[in-house]
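For reference, the structure discussed in these notes is given below.
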Amino acid sequence: MKTQLLYLILLTSPLSAWGQSPENSPDTLLQHTFEGLLDPADTMLTQPGGADTHWVNYDQDNKTGLCVSTGQTPKGWYWESDLGFINPNQANNDAFTSCSYLQSANPQNRNWLITSPVFVPDDTYWLCWRSLTYYGPDFMDGYKVLASTGGNMPSSFTDTLFKAAQTIDRLVVGSLDLNDYIFSSGYIHANGYTDDEYFFVDFEGANPFYHGKMEPHCVSLSAFAGQTIYLAFLHDSFDDFQLQVDDILVSNQISGTKQVLLESIDFQVMPNPATTSTFLHWSTTESLPATCSLWNLNGQKVWEKSFSPRNEGQYFLEVDHLHAGVYFCSIQTPKGYGIRKLLIR
């Protein structure tokens with residue numbers, strides 16, 4: 001019955017009711033996928049100057065890493081294939097990598113990836129990205145996402161937008177039970193290693209470990225409406241292993257009518273229009289299971305995924321295999337649903 005109701009809404013709602021035309025769509029302000037033929041690090045500054053207009057890749061600790069077996073690990077952030085594939089030889093995605101397993105653990109690792117400046121026009125914009133910590137929970141890398149309104153020097157980044165936990169101590173080395181570890185404050189990858197979409201058990205090392213896969217995250221930039229900001233990814237783990245980030249995006253969505261039953265679902269689709277991928281982000285007033293679906297104009301479902309109960313959900317949806325055109329993305333929970341028009345170019 002729910003499918004029939006949604007199908008009816010899609011067929012009977014005029015397109016004009018779903019928001020702005022593609023020509024008037026809000027802009028994507030910043031996007032870096034780390035894909036291409038050239039190393040992204042080659043176009044970045046190696047240290048901040050305070051008011052730079054380019055991305056900065058700054059190795060503040062200036063220590064040699066031990067994360068690659070073929071020689072010294074490049075300092076700072078470096079370009080590498082996505083480490084989250086079960087068979088790394090099949091990787092078809094590139095990402096930016098940082099190593100916290102250093103030749104000398106004192107001082108601790110401090111690798112900064114700082115964006116170019118971004119003017120945030122209003123309170124509808126979000127920062128989204130994907131990340132993985134390679135070796136958990138034994139050597140789980142933590143990091144921070146920071147914002148600055150006063151330049152791009154490290155001391156200017158006073159606003160913390162997101163904090164990922166790192167492993168502080170091991171009560172049982174090599175255990176897969178999180179109770180055998182002490183972590184810093186912050187988010188533990190894959191929702192405390194309960195969401196197996198974002199990790200798998202790797203048996204190739206001396207001990208089995210949780211091998212991370214790319215997990216999406218989104219945070220609102222509403223607090224910076226009307227301001228120019230810099231954003232930074234600070235890998236500051238102490239003697240862990242490898243961290244990767246990818247698909248960094250600052251965008252908002254087409255402001256469309258949101259069809260809702262019983263409760264409001266805060267539902268974003270960014271970027272919109274999309275070419276190769278888009279981030280889905282939603283939140284509810286209580287922990288609820290959810291199903292996300294994508295429909296074409298003929299009312300045919302072209303993608304669907306169910307999620308276990310949560311207050312906040314995020315997903316990185318690849319759309320480059322779909323034909324260009326107008327689609328509708330829906331979110332369904334036991335207490336409500338919402339729909340957004342998605343333009344794929």
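Working ranking of peptides 195-202, 317-324 by packing, defined as the average number of other Cβ atoms within 10 Å per residue, highest first, is 195-202, 317-324. Which one of Trp282, Leu113, Pro137 has its Cα pushed farthest toward the positive end of the charge dipole of the chain, where Lys and Arg give +1 and Asp and Glu give -1 at the Cβ? The one lying farthest along the dipole's positive direction is Trp282. So how much slack lies between Asp177 and Asp122, counting 0.36 nm per residue of separation and subtracting their Cα-Cα distance, in nm? Once the chain is fully extended between Asp177 and Asp122, it gains 15.5 nm. Figure legend: label point modelled 7 angstrom from the Cα of Leu45 along Cα→Cβ; residues of the stretch 147-191 with amide N under 20 Å from it are 147-159. Residues of the stretch 182-222 with an amide N closer than 17 Å to a point placed 7 Å from the Cα of Gln108 along the Cα-to-Cβ direction: 182-189. The listed peptides 113-122, 130-139, 275-284, ordered by packing as a protection proxy, come out as 130-139, 275-284, 113-122 (highest mean of other Cβ atoms within 10 Å first). When only the Cβ of Lys, Arg, Asp and Glu is charged (+1, +1, -1, -1), the dipole of the chain relative to its Cα centre reaches about 940 debye. Against the chain, whose longest principal axis is taken from its Cα atoms, helix 2-12 shows a tilt of about 70°.
Mind scanning Lys163/Lys305; Lys163/Lys301; Lys144/Lys341; Lys75/Lys213 and naming the pairs with a C-alpha gap bigger than 30 Å? Lys163/Lys301; Lys144/Lys341, as the Cα separations exceed 30 Å there.
Any read-out appearing in this document is the output of simple, stated calculations on the displayed coordinates, not a laboratory observation. Only a predicted model underlies this, so the values are computations on that prediction, with no experimental measurement involved. A quick note on method: Cβ atoms are made from the backbone with ideal geometry, for glycine too, and the neighbour counts reach across all protein chains shown.
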